[in-house]
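The values are calculated or read from the model by the stated rules, or taken from the named source; none is laboratory data. Everything numeric here is computed off the predicted structure, so don't read it as measured data. Every residue, glycine as well, gets a Cβ built from its backbone with ideal geometry; the counts of neighbours run over all protein chains shown.
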């Protein structure tokens, strides 16, 4: 199965020039903990998480109105192609010690985000399906 089948297609994004406060407000508005930082042409440049804000801004006493997203974002951004198998995404997450990846198209433009939680949801669905098959095929009364 490809990453494109399970990734989230509506992604909160930010510009590297925006303030941390603006990015945090966008996270709140979208009820997410991550924004993908994109360049003017739409390609992913970095990722900023709520954890980045807490540890790199708040804990360091930085002003969220004067600190730019580009100052705190994680880069280079880890990404995977839309058509890549889920196993490739998992390998990239493991190799990069990350829980989320930007998803790009053939032109390198952002089209989604895939998280470890997305993969876990898929695995749980598969386990439930297997469980239903086993229950249906098991002899009754044993």
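Tabulated data
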{"item": "Verdict on residue 62 being more than 21 Å from residue 4 (Cα to Cα) and surrounded by 15 or more Cβ atoms within 10 Å (Cβ to Cβ)", "result": "yes"}
{"item": "Scope the stretch 75-89; condition touching a helix residue (DSSP H, G or I) at 6+ places or on another chain (Cβ under 9 Å) and surrounded by fewer than 16 Cβ atoms within 10 Å (Cβ to Cβ); matching residues", "result": "83, 85, 88"}
{"item": "Residues satisfying the stated conditions in the stretch 4-19, i.e. modelled with pLDDT under 95, in contact with a strand residue (DSSP E or B) (Cβ under 9 Å, 6 or more places away or on another chain) and outside any loop (DSSP other than H, G, I, E, B)", "result": "4, 6, 8"}
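Conditions tested, residue by residue: (1) in a loop (DSSP other than H, G, I, E, B); (2) surrounded by 13 or more Cβ atoms within 10 Å (Cβ to Cβ); (3) out of contact with any strand residue (DSSP E or B) (no Cβ under 6 Å at 6 or more places or on another chain); (4) in contact (Cβ under 8 Å) with a residue 40 or more places away in the chain.
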residue: 21; (1), (2), (3), (4): no, yes, yes, yes
residue: 29; (1), (2), (3), (4): no, no, yes, no
residue: 40; (1), (2), (3), (4): yes, no, yes, no
residue: 51; (1), (2), (3), (4): no, no, yes, no
